[in-house]
Amino acid sequence: MPSPSLPAGAAMASTLAGLPPGLPPSSPPFQTPHRHFNPRIPNLQALSSENPSASAAASLLAAAARAGDLRLGRALHRRLLGTEILDTDALVANSLLTMYSKCGHVSAARRVFDGMRGLRDLVSWTAMAFCLARNGAEQEALLLLGEMLESGLRPNAFTLCAAARACFPGELFRLSGGAVLGFVLKTGFWGTDVSVGCALIDMFARNGDLVAARKVFDGLVERTVVVWTLMITRYVQGGCAGKAVELFLGMLEDGFEPDGYTMSSMISACAEQGSLRFGQQLHSLVLRLGLVSDTCVSCGLVDMYTKLQMEQSMECARKVFKRMPTHNVMSWTALISGYVQCGAQENSAIELLCEMLNESIEPNHITYSSLLKACANLSDQDSGRQIHARVMKTSIGNVNVVGNALVSMYAESGCMEEARKVFDQLYESNILSTSSDIGGTESSNASWSSQIESMGVGVSTFTFASLLSAATTVGLPTKGQQLHALSIKAGFESDKGISNSLVSMYSRCGYLDDACRAFDEMDDHNVISWTSVISGLAKHGHAERALSLFHDMILSGVKPNDVTYIAVLSACSHVGLVKEGKEYFRSMQKDHGLVPRMEHYSCMVDLLARSGLVQEALDFINEMPCKADALIWKTLLGACRTYDNIEIGKIAANHVIDLEPRDPAPYVLLSNLYAHGGLWDEVARIRSLMRHKNLSKETGLSWMHVGNTIHEFRAGDTGHPQAQEIYAKLSALIREIKDIGYVPDTSIVLHDMSDELKEECLLQHSEKIAVAFGLITTSPTKPIRIFKNLRVCADCHSAIKYISKSTGREVILRDSNRFHRMKDGKCSCREYW
């Protein structure tokens, strides 16, 4: 093993140097045969006689099981029903049971097992237990094994593997995992049987106990490539990339040759660590091992290069892609997703779709979700609608991941009505319209159980989690609350994925107390749970509570990931904790081995610039190890507007324009900066340039959910049915709040006009219109909840604070950056936003 102090890249280099040249390529990954009749399987003529032999029947059933050919297996079963073999021969009955088990037909396997009253042996019990454990009936599998033990049979290695697999679910692991381990020790299989060792490693690792999994691995007398790969993979999946690298180097030093699965896991570990040198060494080893033709390995390399965030990352990824012998949907999707993930190259992703279709390769749901994300990033409604139309033609529009991507694409493009329609379709197709009214009659609620059963695979924990995410995107807390109730009635209240989605949904929709309650009601918390509640508290202005919870998370033994640190750094940024933010940025690297991503650098620039340290923020950008993206420069440009730093503002704007020439944001921000400084000639020049390039400012949009309808408002909007009543209410409000100290901030109207006209412009901002509408239509005892696609302007922020004081109403406004909870004339942001 390499010394712990030896860097992974150096240790890898020394290990690779010792490998013999010309290593033979490993065997191709196992592929499941197609489920149709295999001509190599003996035909049914072997059973054509009146009394076919038991060995022939068992041989044919075993062949059908290997091929996964349920059709052939059923034909064999029908033929055997006319004979006495099934009632007299345990070998044939066990072969039939195994066939149904491997084909995933649980009910048929159970019927065969129940009919074997006098023939059951250890093989029968084990095959049935495996069948149940593999197909979601883990508790039933454990009960069955308990019956087996009571019958006096002693478990073998395969039985113990079935028992360990049945303990994969967390609750069953806590109840029975220790008993299974005890049986392994008692029966002498500890450390002596590779299959039992793998099953135990999997059981512990899937339940988050990688320390115990490693003890099982270390206790094995004999290790195979499969065992090494399994332990490495579980380390990677558990967020322990460093330990995975260390184990991989030990595998090479012990003389084992990694296969495609091993290399795929190691490439994922490298992507997580962000080590370019190590990634290139892994790529070299892939070439030496002859694994370039392995699609999973090559796709992993594409993904790795896109995540390493070097200047030529996509160029390297493209080269790997071009050198692949054949392209399939998996390889195309890896490249398209890479262009979307790396940012600023979304147009290339959309162009790749055309190339992919020219090769007659149909995109899958993951491809489409990545493409829709590209459209959302570009605010490209036209391309998004075209992709939506294509999705509907391929009948995967109701797949949760695609549906969520469609909702996000329309919402981020400002098309809230379309986003709502897609959400409604997704909701109805997955949950059924008959169960959508949670406040139905007693009889309708009583029939809920039968409705749940009728949903089949449509209702699952993943379905609820996905729909909660979509409801959050559209800003539909009422639907989110309905989904919460439905998930409880469906028996999913203890599911961690749904609970995490509830924390996120409630916090992002402005229900912070409910988010904290959902978090507190969870039996145990994983890194997603902690990150969701920390992020929610930060966005609501409770930075101190967020950071306190972060320390609680560390003390509980949960390791933070890169997303957790984005939430922590954002918390510091929202309240100006510059010193603390710098310390956390160092801590993520020093204490937890996390390599900063572009998002972390963006948080640091935001922290410095928002605190007025604009020059230090620029110096920080120039010292970054990777090239800053457009978001970082836009963050700096926004701060330059706040602190009137025209010189650095020009630098930032030029960088954004170079990186995203079709983005109107830098022109708008620079124009505002010039206007605030009274440089009207420069303002005119910028606006003329925008007209010449056919660029327009993103329209401000505010919306709120009242009853079952989303009401949208734009600046100066007169299209609402209650427009006359809304503006009358708004005019009265402005008069009231002026009497208690409100002074319109006309300095933010960046046009050369009189103060009276500027005040008229301020009156027509979308968030003020939404507040007036909320006062007219909502209950006086409930908060007014408003969503906005851009940052709230300074004048609206001031006016709404005064409105909350004048009317005694609480207003919760979610803008593009954070939440503003305004009550009694004060805001939760404490004027730091």
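The values are calculated or read from the model by the stated rules, or taken from the named source; none is laboratory data. It should be emphasised that the depicted structure is a prediction, and the values quoted were computed from it without experimental measurement. Reconstructed Cβ throughout: ideal geometry from the backbone, glycine too, with neighbour counts over all protein chains shown. Calculation scope for accessible area: heavy atoms of the full protein, side chains included, ligands and nucleic acids excluded. Shrake-Rupley method; radii C 1.70, N 1.55, O 1.52, S 1.80 Å.
Restricting attention to the range 597-607, does a residue exist that is modelled with pLDDT under 95, over 30 Å from Arg691 (Cα atoms) and open to solvent by 40 Å² or more (accessible area, probe 1.4 Å)? So far as the range 597-607 goes, yes, one or more of its residues are modelled with pLDDT under 95, over 30 Å from Arg691 (Cα atoms) and open to solvent by 40 Å² or more (accessible area, probe 1.4 Å). Give the residues of the range 802-833 that are within 25 Å of Gly612 (Cα to Cα) and at pLDDT 95 or above, sorted by residue number. Passing the criteria: none in range.
When the residues of the range 132-175 are filtered to those that are of a type in the set (Gly, Ala, Ser) and part of a loop (DSSP other than H, G, I, E, B), the one that is surrounded by the fewest Cβ atoms within 10 Å (Cβ to Cβ) is Gly152. Filtering the range 555-603 to residues that are polar (S, T, N, Q) and part of a helix (DSSP H, G or I) leaves Thr564, Ser570, Ser573, Ser587, Gln589, Ser602.
Residue by residue, here is whether (1) farther than 16 Å from Ser747 by Cα; (2) within 33 Å of the chain's Cα centre (by Cα); (3) buried (at least 18 other Cβ atoms within 10 Å of the Cβ); (4) not basic (Lys, Arg) holds:
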| site | (1), (2), (3), (4) |
| --- | --- |
| Met624 | yes, yes, no, yes |
| Glu660 | yes, yes, yes, yes |
| Leu669 | no, yes, yes, yes |
| Asp681 | yes, no, no, yes |
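Inspect all residues belonging to the range 281-300 and state whether any of them is under 20 Å from Leu210 (Cβ atoms), in contact (Cβ under 8 Å) with a residue 24 or more places away in the chain and not small (Gly, Ala, Ser). First the steps, then the outcome.
Restricting attention to the range 281-300, the residues satisfying the condition of being under 20 Å from Leu210 (Cβ atoms) are none.
No, the range 281-300 has no match at all.
Quick check on the range 551-566. Is at least one of its residues basic (Lys, Arg), free of Cβ contacts under 8 Å to residues at least 12 places away in the same chain and more than 19 Å from Gln341 (Cβ to Cβ)? Lay out the reasoning, then the answer.
Just the residues of the range 551-566 that are basic (Lys, Arg), to begin with: 559.
In the following step, the residues that additionally are free of Cβ contacts under 8 Å to residues at least 12 places away in the same chain were identified as none.
No - not one qualifying residue is present in the range 551-566.
Gly707 passes every criterion in (1) at positive phi; (2) open to solvent by 70 Å² or more (accessible area, probe 1.4 Å) apart from (2). When restricted to residues that are open to solvent by 40 Å² or more (accessible area, probe 1.4 Å) and either closer than 15 Å to Ile336 by Cβ or in a helix (DSSP H, G or I) (or both), the range 397-419 contains 4.
Could you say whether any residue in the range 388-396 is of a type in the set (A, V, I, L, M), over 25 Å from Asn708 (Cβ atoms) and open to solvent by 30 Å² or more (accessible area, probe 1.4 Å)? Lay out the reasoning, then the answer.
Going through the range 388-396, the residues of a type in the set (A, V, I, L, M) turn out to be 389, 391-392, 396.
From what is left, the residues that are over 25 Å from Asn708 (Cβ atoms) are 389, 391, 396.
Pick out the ones that are also open to solvent by 30 Å² or more (accessible area, probe 1.4 Å) and you get 389, 396.
Within the range 388-396, one or more residues are of a type in the set (A, V, I, L, M), over 25 Å from Asn708 (Cβ atoms) and open to solvent by 30 Å² or more (accessible area, probe 1.4 Å).
Number of residues in the range 757-810 that are open to solvent by 10 Å² or more (accessible area, probe 1.4 Å), out of contact with any Pro (no Cβ under 6 Å at 6 or more places or on another chain) and of a type outside the set (Ser, Thr, Tyr) equals 23. Within the range 443-479, the set of residues being among the aliphatic types (A, V, I, L, M), in a helix (DSSP H, G or I) and modelled with pLDDT under 75 comprises Ala446, Ile452, Met455, Val457. Looking only at residues in the range 530-541 that are closer than 20 Å to Pro477 by Cβ and within 22 Å of the chain's Cα centre (by Cα), the one that is most open to solvent (accessible area, probe 1.4 Å) is Lys539. Taking the criterion of being open to solvent by 20 Å² or more (accessible area, probe 1.4 Å), closer than 14 Å to Ser529 by Cα and assigned to a helix (DSSP H, G or I), the residues of the range 480-507 that qualify are Lys496, Gly497, Ser501, Ser504.
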